[in-house]
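Chemist: Next up is a structure, given as structure tokens.
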Amino acid sequence: AASSTVRIVEVGPRDGLQNEASVVTPSQRIALIEALVSSGLETVEAGSFVSPKWVPQMAGSGDVLRGLPPRPGISYPVLVPNLRGLEDAMAAGAREIALFLAASESFSRKNINCSIDESFERVAPVVQMAKANGIAVRGYVSCVLGCPYEGEVALASVVSVAERLIELGCYEISLGDTIGVGTPGKARAMVECVSGSIPTKNLAIHFHDTYGQALANVLACLETGIAVVDSAAGGLGGCPYAAGASGNLATEDLLYMLDGLGIATGVDLERLLDAVTYIADDLRIAPRSKLFAARRSD
Ligand code: HMG
Ligand code: MG
């Protein structure tokens with residue numbers, strides 16, 4: 001049965017901005033994160049400690065973390081690909097990191113320049129060092145419903161990568177439809193399959209909206225008991241190494257649906273729209289949500 005509460009993991013300041021052509025400075029990213037936190041969001045991904053040659057948009061993530069006042073109950077996870085990334089994240093005060101691996105070999109090579117097995121060798125010492133320092137570790141699995149290079153991805157590979165991340169010590173696995181090709185039946189079946197070996201409470205869903213299926217996919221997965229959903233304010237986002245992938249599910253569209261279903265999130269829609277307005281008016285990036293379009297045409 002569907003959970004009566006959902007925790008929204010806001011990925012806008014990371015996934016939302018990592019693929020944008022316009023440069024968003026660390027101080028603008030801090031202002032955006034502050035606005036998102038003001039709406040009631042308790043988990044806001046704040047950046048990535050990856051190579052700035054690979055993803056220039058996330059340069060300065062250390063300055064972003066250092067500029068955020070610590071608040072009880074609020075967490076600012078950051079993406080970390082290797083030990084170098086963890087060291088830099090820790091130096092900036094990170095308390096939570098996210099690893100990002102893939103269920104597809106080709107995507108793994110394009111995105112992080114190594115095979116799936118090599119990516120586990122890379123992240124094993126990262127988890128060890130994070131744990132030794134009391135840092136929480138989340139894990140992403142990309143390409144769970146399709147790969148931009150291989151097409152179909154075997155469910156067995158999704159399950160195996162998710163299981164290995166849990167065994168390593170991730171407290172939660174976010175299942176990513178990186179290119180937004182999934183449809184509700186397939187999304188639900190994928191989650192049910194992973195739930196066969198990992199408790200549903202340790203799973204999150206992360207849908208990109210390339211084909212307009214993200215919200216429908218969330219609804220289908222909520223029926224399995226999933227209670228953690230990733231989304232990005234304004235519906236921004238995409239992965240630079242997944243050609244054709246469009247933005248994430250917009251947090252405001254997700255919230256509108258959850259509010260309508262009577263599912264509690266602790267997030268205030270009007271305050272969230274203030275953050276989306278900041279994206280539109282100050283960052284000059286056009287939001288891609290239905291809700292923003294509806295409100296602007298009022
Ligand atoms: P590489 O070239 O194989 O690694 O890249 P390397 O160790 O040979 O290093 C190359 C250069 O990068 C060196 O610099 C290193 O110092 C530097 P150079 O000598 O050329 O001047 N370097 C770093 N710099 C800063 N921070 C670091 C770091 N590590 C190395 N941590 C690497 C391997 C993983 C670094 C590279 O492939 C990379 O940065 N990839 C990032 C890709 C990325 O961020 N993709 C987007 C996030 S994933 C996503 O969006 C999907 C998700 O949303 C879920 C979904 O939707 O499915 C999470
Ligand atoms: Mg993503």
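Chemist: Separation between the ARG71 and ALA2 pseudo-spin-labels, each 7 Å from Cα along Cα→Cβ, expressed in nm?
Modeler: 2.8 nm
Chemist: Between rounded, prolate and oblate, where does the stretch 234-278 land on the alpha carbon gyration tensor, with a ≥ b ≥ c its root eigenvalues, rounded for a/c under 1.5, else prolate if a/b exceeds b/c?
Modeler: Oblate shape, in that a/c is at least 1.5 and b/c is the bigger or equal ratio.
Chemist: Moving on. Enter the Cα centre distance for the pair the stretch 97-156 and the stretch 234-298, rounded to the nearest angstrom.
Modeler: Distance between centres, Cα-based: 27 Å.
Chemist: In a Gaussian network model over the chain where Cα atoms closer than 10 Å are linked, find which of ILE30, ILE279, ILE263 has the largest mean-square fluctuation.
Modeler: Its mean-square fluctuation being the largest, the pick is ILE263.
Chemist: I've got another one for you. Give the percent of DSSP beta bridges with both residues in the chain that are antiparallel, rounded to the nearest 5.
Modeler: 5 percent
Chemist: Another question, if that's okay. Would you work out if the stretch 1-118 is rounded, prolate or oblate? Take a ≥ b ≥ c from the square roots of the eigenvalues of the alpha-carbon gyration tensor; rounded if a/c is under 1.5, else prolate when a/b is larger than b/c, oblate otherwise.
Modeler: oblate
Chemist: Right, next: Within a Cβ distance under 14 Å of LEU283, other residues only, what is the Lys/Arg minus Asp/Glu net charge?
Modeler: Charge balance near LEU283 sits at -2.
Chemist: Compute the Cα gyration tensor for the chain, then decide on rounded, prolate or oblate, letting a ≥ b ≥ c be the square roots of its eigenvalues: rounded whenever a/c is under 1.5, prolate when a/b is larger than b/c in the other cases, and oblate in all that remain.
Modeler: Rounded, since a/c falls under 1.5.
Chemist: Viscosity 0.692 mPa s, temperature 37 °C: give me the Stokes-Einstein translational D for the stretch 128-231 in µm²/s, with Rh taken as the Kirkwood radius over C-alpha pairs.
Modeler: Estimated via Stokes-Einstein, D reaches 240 µm²/s.
Chemist: Give me the orientation-averaged projected area of the Cα convex hull of the stretch 1-65, in nm², one decimal.
Modeler: Average of the hull's projected areas for the stretch 1-65 equals 5.4 nm².
Chemist: Turning to a different aspect of this structure: Using a Gaussian network model of the chain whose springs link C-alpha atoms within less than 10 Å, name the residue from ASN111, ASN248, ASN133 with the highest mean-square fluctuation.
Modeler: Comparing ASN111, ASN248, ASN133 in the GNM, the peak value goes to ASN133.
Chemist: So, one more: Counting only residues 5 or more places away or on other chains, whose amide H sits under 5 Å from the amide H of SER174 once H atoms are built in the peptide plane?
Modeler: GLY139, TYR140, VAL141, ALA204
Chemist: While we're on this one: What FRET efficiency do you get for LYS201 and SER27 if R0 is 35 Å and r is their Cβ-Cβ distance, rounded to the nearest 0.05?
Modeler: Computed FRET efficiency for LYS201 and SER27 comes out at 0.45.
Chemist: If the reach is capped at under 27 angstrom between alpha carbons, list the lysines near LYS201, excluding any in the same chain fewer than eight residues apart.
Modeler: Within the straight-line cut-off, LYS201 pairs with LYS131, LYS186.
Every number here is computed from the coordinates shown, using simple stated rules; none is lab data. All values reported here derive from a predicted model rather than from experimental measurement. With ideal geometry, Cβ positions are generated from the backbone for all residues, glycine too; neighbour counts draw on all protein chains shown.
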